[in-house]
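First up is the structure itself, then whatever we jot down about it.
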Amino acid sequence: MKKVIVIILVMLIVAGGGFVYWKFGGNVKEEVTKKESYKINIAEPIKVTATNKADAKLGDLEKDKIAIIVGKGAFESTQEISLITPKDIPEAEVDSKLVNSPIEISAGEKPVRLNEKTTISFKFDPATLPKGTGAHQMQVAYYSGDKWEYIKPTSVDMEKGLMTFETYHFSWYAPKISDETKIAEKWIHSQSLDKVMRDGVNDASSRVTDQIIGMTLEKMGITDAETQKKVMEKVAGAEKYKEIADLYKSGDTEGASQKIAILAGEKIAEIVPDSVWKGALEKVTGGTDDIAKVAQAAGYAAEGKYKDAAKIIGENIADKFLITTAGKIAVEAVNGQIDSWKNEEVDAAYSAYKNGANGRFWGYSVDKGDFNGVWDQMRGIRRQLEIEAIKKENETRQEAGMPMLSEKEADLVRDRIKIAYQRQFAERDKREEAIKKEEEKLKQIFDAYKKADMFSSSLGPQGLDKGFGYEEKMAVLNHFAQKIMQDTNRFEVSDKEGLIMETKISLSDVVAGARAYFSEPDGKKKYEEYIKNRFGILPYPPLKDLSGTWDGSITITDVIVSDEYRALAKDGKGAEGCDLTKIDEIKGKANPMKFEIKPDGENGGMFVPVGEDGGKAVPFTYKDGAIEIPMSQDKAEGKITFKAEKQPNGKFKLGGEMNVDYAGGQIKIKGSTTAQR
């Protein structure tokens, strides 16, 4: 017996005083270490009952240094919530830079996911922070079951000493100063995830297909989700679909969308039963033409003439106007979904899906690969994703003059959102290696930047010392790294110095290029000289490479009217016939333009507008990658500039500005330009 006791004592000493206990009804085994380095602000639990009628509030900022608001309806039924300062917290790292005591917030014996967000505010004393601590370093540590994760607060007030964040689950939380290495790791992970997922998941064909099918069925008066799902599955499985998907990848969005409309029409005609067609005739929206077309298509379908029915559905019911709107909605939806990966809640949901979770990890209790279980438990964050998707679709519909979504149609959007995230989770699982590879590359780049003191206000280039925060500097420097890789056509990095490699660029060249680019006052010119001297590369293409037809737009960004000119205005009309009341209407709206660039040498040629109202051809000059086009009409004089920028696919896009003086400079019009082909 003595021998056993000695062994136990030795084990405790070796473990450094740690001990093991069971938390939350024995579901999760945690190793917890006694901490004496923080004050016990709340010794006895503060308890409150949460209901669906009002927010539940716990803690007082002045007295307890913590205030919590649990949104009403956070739980399915009435629930008691408890808040306390834990005497023991897991592991050692979290308290090294604590700025306030940790908290433990719980609801019953098991972890839960919430239907509404909980807002948690920590109070801290700014005077106790180490000199030079930035707001970006103030983060909230959260214990995920086996390690501490870090959450970026929604707001930090360094003067008042207040840090606030939002969550959809309860756990141990602790406010602390995070070192910049941790911040960099999270930023690199988020950026890598964004890049890989945007390249891989941005499957425009499937998103536009979903929208075209949904909106076509909607126009036909068919709104049941099961029919839409069957049509989508049939379209996705069709042999023609791969060709259409390839068209999207090549950039022919309009042509691909029209082909999808025809293919969707064919599958709709095959799947939709006669009884549904007849019901659709009674519910169809639109005028008599729409009703007639639906009836005609129904007749062909009843006779088994699916191609004839498909032609009517695709060319008339799914008209070009609808197709264009569907495409815009799909782009908005995809961008919104990709952006959502930066939300830690969505990232955590994916981790629960990929690895499974036993309750402690962000409140999830699911088996590995159980997407339906994860989606169900996402609760509040899922609802936010759905609300945002419906809002974006309604905004696009409003722009296109279409009616807002009905509640039934909104339910279809919710169904599509679930399908979209299921695809994305599965796709991300396939792309984990690519994400990891991108993270490793970015880590190499930022290690090189840090080693070269690029983040230092005193030792870094002046062009980076513009009040940027740490993450802002990371974003700017990352953008430059992508730029120099594109400009040199080298998309991998190497730590070998001095060498010029065929497919890789050395990290020292990335740093040297950045120092040149962000130097003041003429950094861009120094950068161009650097890559020309170092690699023998001009950062812009020869003019012949820009020859051809381009689709572009001009967006008016500002209209400046002199006081003198305004004084001459009468009844809303300027003395020169310019209607000043229309100024706000034209600002911020993209005006499409199509044009052809016809070089007649290396330094110039003709700019030829394309279309009925395009205007006459004018000569242009080309210098340092910029096309400059003079403008002169009536009392307007100005210039349009297009700067060529190389893309990752080796192609170029054009972007620049427009400046016009009207009535001798009494009205100045400024705008931005963009074009692609």
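Can you list residues whose amide H is under 5 Å from VAL610's amide H, if they're 5+ apart or on another chain and H is modeled 1.01 Å from N?
For VAL610, the qualifying residues are LYS594, PHE595, GLU596.
Taking only the C-alpha atoms, wrap a convex hull around region 21-178 and report its volume per residue in Å³ as a whole number.
Per residue, the Cα convex hull of region 21-178 comes to 109 Å³.
Using amide H atoms built 1.01 Å from N in the peptide plane, name the residues 5+ places from MET501, or on other chains, whose amide H lies under 5 Å from its own.
Long-range HN contacts for MET501: SER506.
Find how much the distance from LYS147 to ASP634 grows on full extension, using 0.36 nm per residue of separation minus their present alpha carbon separation; answer in nm with one decimal.
In short, 168.4 nm is gained.
Taking the Cα centre of the chain as origin and charging only Cβ (+1 Lys, Arg; -1 Asp, Glu), how large is the dipole, in debye to the nearest 20?
Working: 102 positive and 110 negative charges, 243 e Å.
The dipole magnitude comes to about 1160 debye.
Hey, of (1) 25.6, 78; (2) 30.5, 106; (3) 25.0, 83, which did the structure itself give for Rg and Dmax of the Cα atoms in Å when calculated?
(2)
Counting only helical runs of four or more DSSP H residues, what would the 222 nm mean residue ellipticity of the chain come to if each run contributes -39,500 (n - 2.57) and the total is spread over all its residues?
Calculated mean residue ellipticity at 222 nm is -14000 deg cm²/dmol.
Give me the one-decimal Kirkwood hydrodynamic radius in Å for region 204-430, with the sum taken over alpha-carbon pairs.
About 18.4 Å, per the Kirkwood formula over Cα pairs.
Could you give the DSSP H helices of the chain that reach 20 angstrom or more along their long axis (alpha carbon positions) and whose average Kyte-Doolittle hydropathy is no lower than -1.0?
Result, helices passing both filters: 180-200, 204-219, 253-271, 288-302, 320-340, 470-488.
Quick one: work out the % antiparallel among DSSP beta bridges in the chain, nearest 5.
The antiparallel proportion sits near 95 percent.
Which cross-chain or sequence-distant (5 or more) residues have an amide H under 5 Å from the amide H of GLU80, H modelled 1.01 Å from N in plane?
When sequence neighbours closer than 5 places are left aside, the close amide H contacts are ALA50.
With +1 on each Lys and Arg Cβ and -1 on each Asp and Glu Cβ, how big is the dipole of region 280-428 about its Cα centre, in debye rounded to the nearest 20?
Values: 23 positive and 25 negative charges, 72 e Å.
Once rounded to the nearest 20, the dipole reads 340 debye.
Read the figures in this text as sums done on the coordinates, not as results from a lab. On a predicted model such as this, the values are computed, not experimentally measured, just so you know. So basically every Cβ, Gly included, is an ideal-geometry build from the backbone, and we count neighbours across all protein chains shown.
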